[in-house]
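Asker: Handing you this structure, nothing more for now.
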Number of protein chains: 2
Amino acid sequence: MSINNAVHRKAIDIGKLAVEMTTAAGSGHPSTALSLAHLVTVLMYHRMRWDPKDPWNLASDRLVLSEGHGVPIIYAALADLGAVIGKDKAHARPMTREDAMTLRAIDSMLDGHPNPALGVPFFDAATGSLGQGLSVAAGLAAAARMDKVDRDIYCLIGDGEAREGQIWEAMDFIADQRLTNCVAVFNCNQLAQSDWVSPGQSSEIIAKKAEAYGFIARTVDGHNPEQLRKTFDELHVVKNGSKPLAVVARTVKGWGSELEQGTDKHGHPVKKEALQNVLGELEATAGDLGVADVTVGDELQIPPIAAKAPERKTGPIRVDFEKGLEEAGLLKDYRSGKPLATRQAYGAALLALGMADRRVVGLDGDVKNSTYSIWLYKRLPEQFLECRIAEQNMFSVAAGCAAGGKIPFASTFAKFCIRGYDQIEMAIITGANFKVVGSHAGVTLAADGPSQMSLPDVAFFRGFTHATNYFGEPAVRYFFPSDAVGCFKMTELMANLNGCCYLRTLRAGTAALYKPTDSFEVGGWKVVREGKDVVLVGAGYMVHECVRAADELARAGKQATVIDAYSLPLNADGVLEIAQRNGGRIITAEDNYTGGLDAELAIAIAERGAQVRLTPFEVRRIPKSGREPEDVLGYLGLDYKRIAAAV
Amino acid sequence: MSINNAVHRKAIDIGKLAVEMTTAAGSGHPSTALSLAHLVTVLMYHRMRWDPKDPWNLASDRLVLSEGHGVPIIYAALADLGAVIGKDKAHARPMTREDAMTLRAIDSMLDGHPNPALGVPFFDAATGSLGQGLSVAAGLAAAARMDKVDRDIYCLIGDGEAREGQIWEAMDFIADQRLTNCVAVFNCNQLAQSDWVSPGQSSEIIAKKAEAYGFIARTVDGHNPEQLRKTFDELHVVKNGSKPLAVVARTVKGWGSELEQGTDKHGHPVKKEALQNVLGELEATAGDLGVADVTVGDELQIPPIAAKAPERKTGPIRVDFEKGLEEAGLLKDYRSGKPLATRQAYGAALLALGMADRRVVGLDGDVKNSTYSIWLYKRLPEQFLECRIAEQNMFSVAAGCAAGGKIPFASTFAKFCIRGYDQIEMAIITGANFKVVGSHAGVTLAADGPSQMSLPDVAFFRGFTHATNYFGEPAVRYFFPSDAVGCFKMTELMANLNGCCYLRTLRAGTAALYKPTDSFEVGGWKVVREGKDVVLVGAGYMVHECVRAADELARAGKQATVIDAYSLPLNADGVLEIAQRNGGRIITAEDNYTGGLDAELAIAIAERGAQVRLTPFEVRRIPKSGREPEDVLGYLGLDYKRIAAAV
């Protein structure tokens, strides 16, 4: 049998299994799977250098399925190949056809969309929220380039999905970074969920767009094995040039079975009673192609992994506060007692971490001179990815870098992190080891106004801090430091924690509260001032406003305890104990909308039935510009005088 | 004086004022403003048909400043023209030069970025989070086309900003919808914040991309008045065709003043001591152009508004539940007692509202057959905008439609609404009258897995429900109906409320709990079952799980009260009173991460010092696929048995 016939036969075999799986599951997307059958076969059985027995190998080529709903075709290939599944190497075992039939069941590793942490290490990212995969692929490609590992990354993108702007952010990024080891493959089957794709997503226009974005675009028949093989074989030449490759594959949704073609087929499994008809049509297609009653032998060979996996330093990454400040040029200011901004301390810590460990990578959305990640960029440009003004892509690239073994810190204004919440959530589901850093947090950046202020971020991330990921760890750890020492140390801590961490930094300088010998932990809090009449709890800038309120109260003869609740999920018991010794009264002071410390403490109180009364101060109207932080705090009723008056 | 010289003179005059304003404010972006000086002059003084005395006019041409940080140049023009500012017509007054000098002050209407609701009705949208303006412009253009009003919409986009994928989602949308009354103007000054723009954002590549997206691209010298005028004058021909116009303007950041040019100038105001030098350079440039010591007279004429503003029906929009169900083909199922999905009731209500009032518009992201907005699409396609798989663009288009006098309902999976949280927040700041509808909410969609489940959405929106917008109303009203009647009525209520509303609908069908005569209100809740031992509080699907738990408890001799808390911000007092009569015990049951009803009630308890103990049930681990809702609820420990056992 020719290779081309072997591809046809294999595509039909795994296509049939994909159809059967979705029928067994009672849901899923068989018609999408069939449109991908040849692409997946050529990539997984012929082109990609990988090892089905070791899908964790950091030197193997990778496939990112951006249109995650097509996943049954890949599960089918994995089952056919007996590729390894399992949460980790200790639990690894070859996947079977029986595994495939458990698709979407509650006790199955095979989720409805790619979800690697459940036990499918072939994948690097949870996908299914569309448009994100190419950015993840770019992150994997960038990590490989940093490690000088010859590793190719393929990404399968739906044509309907190509309407997502993030795909084109990724195209810009790949071209900008000259990531010729990353191949964008568009699956142009012309049908979206509720309609045909628009003319702008036709194969002709996608190819034209790809060329305008600086790619070499190749349009092929996505069910023609020879065309596919030849096009992908161009990659070794492409990799020597500066323009990346985009493959625009014309395919048929429901290929091989007329019953599965046309509109209204998207996302519907074949009914049990129609299954044999569809399988019969696929087998008839095999007959038409001259591949009925044949078995694929060694015509299809998975090429061996060419490269050596990069060696990784393991163990904790330690950095020194004063040395870090010195490298960043901040030590003099710090020693003279000048207030530093936490964003500066973050920049210093990121630089120190980057110098200490090559896995540490900075990502920026064109605000590196505001977040101070610029210090890493200037000193170690090879550990830095300037993602320009495209935050969605940045966060998914970070997830890809993490899958490539890096420890990425993606920083921009906290407000602009909101742009990537969907991407961040998908990376959290993946279990990616990535760090999100939002600067200019809260309202105290003042002059630029609400379009630059992050207000719902605390509530958004707090929810994740109380959920565990598939590894049993908090899905997010949240940090909001109030001074430079705290910020430096928390950044160091984040580098040593696995998974997603969120750090909020401030535009304005804040006075030092801590000594370089102090330590900080997940869920930790610190008593900044001891009192006996009331407890003021804040974080970040508001800790300082609470201290000012405590000063004001002291003038009126009241002694307030001030607590810096710098991390979530908060260890609340100790705070409540202190509150009980302080008149059973807590005032929370926050520069964000409700759902942060107020919720954290109120739920702790109400759950325990604690005799503690809470008065929350937070942002209760949409802010506006003010020339100074105090102007805005005053406008919002969050200034220390108002806090003191509430006691 | 020639028109062209008048443009030069005016550009320099408003450029000087923009520089002065930012120096007075102590922050801002004068160099960006100078790059826009000629574009803004040609548009606002020569091309746009508008009335500086009536910027609210729904028939006037509009300008959307997507790169919001350039706003001082527009404030300067408004001040020069004495255009009207003020929160509403009752407070309208001509803007003065003195107003301009209050830029960014806490008591000023002139925010750091465009913020119409503070009192600058020239704008239709708060901008400043980049990449959103062109979508807003597209929404305004689409609304004008629906109303058959000859209205042109111009959008100014930065070249660095053109890296945002949403810009290209908007380009696709404008081409797809043939919105030739919408002009994309790229301000290519080559400099972003922290660096030069990438090659992919050069004027050459942007023009090439625009052509690939189906636009007529015209590259011009953005400081050449004649070229600009001639290019914009092409619009009347363009409007007769099917391809929209993109103007790619090559400009100079800091035009007219060498001191303001080059890197490191972005976002820095001119220092007070350097101000006269910069103004002097600008005046010297005037001399070079032969426009020193001249005053612009009537060379520049703002053309009169051509069209008549669309007539609007006012007053409440009323629809009938049973009639609505009948139109949607659901009445038979409803009457036979078959469980309907709330998403179906939403689809029926949207159709009924659309039939009742032409202002009601549906927007979809290619899931209309899942959200059931398809019924509106099929019956009234002219009141529907299929935005394809590009949620960011969809939400900003909705904001633009609202600015054009429409009542847009943008619906997609609740999970995919997360993709647009930044856009939604910007529209909330605008005060836009738009509705966000997220279907398949929570975890009970089951089989598709976490990539399709919305879990942080309740906490995200809850924060906004406790903040007021600039009109003193809740920034968001939140609804989560548990049955078809409730969903239909809440959709009707949303159409009659001004501002942003968020509606969560379910994939699965749910039993009827209410009668068509029942009414629902913002912050409302209903007792579904009366008991005396404990209060179970849920919303949506979880109300039914609570009812099942109450049944289970009844078998064990305990009587549970079940409350359907369908709206936020919740009127909590009554719930707490009931709890006090029910053993002082509340159990909340939610299909989302913490930060929803648990926070809402716990804060109410802790604030009041109420003697009520709360046990929250919510999602505490990242979910996975399960074939049935019950499988997933069981996996998460949220099934009725677990709830009952907790009592």
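Asker: Mind checking whether some residue in region A:379-389 is open to solvent by 40 Å² or more (accessible area, probe 1.4 Å) and under 20 Å from the mean Cα position of the chain (by Cα)?
Answerer: Yes, there is a match, as at least one residue in region A:379-389 is open to solvent by 40 Å² or more (accessible area, probe 1.4 Å) and under 20 Å from the mean Cα position of the chain (by Cα).
Asker: Can you name the residue in region A:421-441 that is in contact with a Pro (Cβ under 9 Å, 6 or more places away or on another chain) and of a type in the set (Gly, Ala, Ser) and is also nearest to the other protein chains (Cβ to nearest Cβ) among such residues?
Answerer: Among those residues, the one meeting the criterion is A:Gly431.
Asker: I would also like to ask the following. If I filter region A:428-450 for residues that are of a type in the set (Phe, Trp, Tyr), assigned to a helix (DSSP H, G or I) and in contact with a helix residue (DSSP H, G or I) (Cβ under 6 Å, 6 or more places away or on another chain), do I get at least one hit?
Answerer: For region A:428-450, residues of a type in the set (Phe, Trp, Tyr), assigned to a helix (DSSP H, G or I) and in contact with a helix residue (DSSP H, G or I) (Cβ under 6 Å, 6 or more places away or on another chain): absent.
Asker: Now, a different point. For the subset of region A:490-509 comprising residues that are among the aliphatic types (A, V, I, L, M) and buried (at least 24 other Cβ atoms within 10 Å of the Cβ), which member is farthest from the chain's Cα centre (by Cα)?
Answerer: Step by step, filter region A:490-509, then rank; the result is A:Leu506.
Asker: I would also like to ask the following. For region B:598-623, how many residues are part of a loop (DSSP other than H, G, I, E, B), farther than 24 Å from A:Arg620 by Cβ and more than 7 Å from chain A (Cβ to nearest Cβ)?
Answerer: Counting residues in region B:598-623 that are part of a loop (DSSP other than H, G, I, E, B), farther than 24 Å from A:Arg620 by Cβ and more than 7 Å from chain A (Cβ to nearest Cβ) gives 3.
Asker: Out of all the residues in region A:374-392, which are more than 7 Å from chain B (Cβ to nearest Cβ) and either touching a residue at least 60 places away in the same chain (Cβ under 8 Å) or of a type in the set (S, T, N, Q) (or both)?
Answerer: Across region A:374-392, the qualifying residues are A:Glu382, A:Gln383, A:Leu385, A:Cys387.
Asker: Of A:Gly626, A:Gly583, A:Gly595, which residue is within 13 Å of chain B (Cβ to nearest Cβ), assigned to a loop (DSSP other than H, G, I, E, B), on the phi > 0 side of the Ramachandran plot and touching a residue at least 60 places away in the same chain (Cβ under 8 Å)?
Answerer: Just a single option satisfies the conditions, and that option is A:Gly595.
Asker: So is A:Val535 open to solvent by less than 30 Å² (accessible area, probe 1.4 Å), touching a residue at least 12 places away in the same chain (Cβ under 8 Å), of a type outside the set (Lys, Arg) and not in a helix (DSSP H, G or I) or not?
Answerer: For A:Val535, the condition - open to solvent by less than 30 Å² (accessible area, probe 1.4 Å), touching a residue at least 12 places away in the same chain (Cβ under 8 Å), of a type outside the set (Lys, Arg) and not in a helix (DSSP H, G or I) - is met.
Asker: Let me ask another. Of all residues in region B:451-489, which are more than 20 Å from the chain's Cα centre (by Cα) and part of a helix (DSSP H, G or I)?
Answerer: Selection gives B:Ser451, B:Gln452, B:Ala484, B:Val485, B:Gly486, B:Cys487, B:Phe488, B:Lys489.
Asker: Quick one: in region A:448-477, which of the residues that are open to solvent by 10 Å² or more (accessible area, probe 1.4 Å) and in contact with a Ser or Thr (Cβ under 6 Å, 6 or more places away or on another chain) is farthest from the other protein chains (Cβ to nearest Cβ)?
Answerer: A:Pro474
Asker: Only one of (1) outside any helix (DSSP H, G or I); (2) open to solvent by 10 Å² or more (accessible area, probe 1.4 Å); (3) over 20 Å from B:Val458 (Cβ atoms) fails for B:Leu570. Which number is that?
Answerer: Here B:Leu570 clears every test but (3).
Asker: A:Gly557 - would you say it is of a type in the set (Gly, Ala, Ser) and open to solvent by 10 Å² or more (accessible area, probe 1.4 Å)?
Answerer: So A:Gly557 passes the test.
Asker: I would also like to ask the following. Has region B:581-592 got at least one residue that is farther than 30 Å from B:Ala495 by Cα and either within 35 Å of the chain's Cα centre (by Cα) or of a type in the set (Val, Ile, Thr) (or both)?
Answerer: yes
Asker: Checking A:Gly86 against (1) away from every other protein chain (no Cβ under 14 Å); (2) open to solvent by 10 Å² or more (accessible area, probe 1.4 Å), only one condition comes out false. Which one?
Answerer: (2)
Asker: Still on this model: Condition first: surrounded by fewer than 24 Cβ atoms within 10 Å (Cβ to Cβ), within 24 Å of A:Thr22 (Cα to Cα) and in contact with an Asp or Glu (Cβ under 7 Å, 6 or more places away or on another chain). Now tell me which residues in region B:617-647 satisfy that.
Answerer: Within region B:617-647, just B:Glu630 meets the criteria.
Asker: Is one or more of the residues making up region A:551-567 free of Cβ contacts under 8 Å to residues at least 40 places away in the same chain and within 14 Å of chain B (Cβ to nearest Cβ)?
Answerer: For region A:551-567, residues free of Cβ contacts under 8 Å to residues at least 40 places away in the same chain and within 14 Å of chain B (Cβ to nearest Cβ): absent.
Asker: Return the residues of region B:334-361 that are open to solvent by less than 50 Å² (accessible area, probe 1.4 Å) and more than 18 Å from B:Lys435 (Cβ to Cβ); say none if nothing qualifies.
Answerer: B:Tyr334, B:Leu340, B:Ala341
Asker: Next question. Out of the helices (runs of 4 or more DSSP H) lying entirely within region B:1-68, which hold 2 or more residues that are within 14 Å of chain A (Cβ to nearest Cβ) and over 26 Å from the mean Cα position of the chain (by Cα)?
Answerer: B:3-25
Asker: Shifting gears a bit: Residues B:Asp195, B:Asp147: which one is open to solvent by 10 Å² or more (accessible area, probe 1.4 Å), more than 14 Å from every other protein chain (Cβ to nearest Cβ) and either in contact with an Asp or Glu (Cβ under 7 Å, 6 or more places away or on another chain) or farther than 27 Å from A:Glu161 by Cα (or both)?
Answerer: So the residue among B:Asp195, B:Asp147 that is open to solvent by 10 Å² or more (accessible area, probe 1.4 Å), more than 14 Å from every other protein chain (Cβ to nearest Cβ) and either in contact with an Asp or Glu (Cβ under 7 Å, 6 or more places away or on another chain) or farther than 27 Å from A:Glu161 by Cα (or both) is B:Asp147.
Asker: Would you pick out the residues in region B:515-526 that are closer than 21 Å to B:Gln559 by Cα and open to solvent by 60 Å² or more (accessible area, probe 1.4 Å)?
Answerer: B:Trp525
Asker: Here is a further query. Can you name the residue in region B:213-238 that is assigned to a loop (DSSP other than H, G, I, E, B) and touching a residue at least 60 places away in the same chain (Cβ under 8 Å) and is also most open to solvent (accessible area, probe 1.4 Å) among such residues?
Answerer: B:Asn224
Asker: Here's something else I'd like to know. Any idea which residue in region B:201-210 is nearest to the other protein chains (Cβ to nearest Cβ), counting only those that are surrounded by fewer than 22 Cβ atoms within 10 Å (Cβ to Cβ) and either part of a loop (DSSP other than H, G, I, E, B) or in contact (Cβ under 8 Å) with a residue 24 or more places away in the chain (or both)?
Answerer: Of everything passing the filter in region B:201-210, B:Ala207 is nearest to the other protein chains (Cβ to nearest Cβ).
Asker: Let me ask something else about it. Go through region A:95-142 residue by residue and tally those that are at the interface with chain B (Cβ under 8 Å from one of its Cβ atoms), small (Gly, Ala, Ser), touching a helix residue (DSSP H, G or I) at 6+ places or on another chain (Cβ under 6 Å) and more than 26 Å from A:Gly420 (Cα to Cα).
Answerer: 0
Residue-wise test of (1) in contact with a strand residue (DSSP E or B) (Cβ under 8 Å, 6 or more places away or on another chain); (2) surrounded by fewer than 24 Cβ atoms within 10 Å (Cβ to Cβ).
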residue	(1), (2)
B:Ala18	no, no
B:Thr23	no, yes
B:Ala37	no, no
B:Met48	yes, yes
B:Ala59	no, yes
B:Arg62	yes, no
B:Ala76	no, no
B:Asp80	no, yes
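The values are calculated or read from the model by the stated rules, or taken from the named source; none is laboratory data. All figures in this text were calculated on a predicted structure; none of them were measured in a lab. Positions of Cβ are generated from backbone atoms using ideal geometry, with glycine treated the same way; all protein chains shown enter the neighbour counts. Keep in mind that these areas ignore ligands, DNA and RNA; they rest on the heavy atoms of the full protein, side chains included. Shrake-Rupley method; radii C 1.70, N 1.55, O 1.52, S 1.80 Å.
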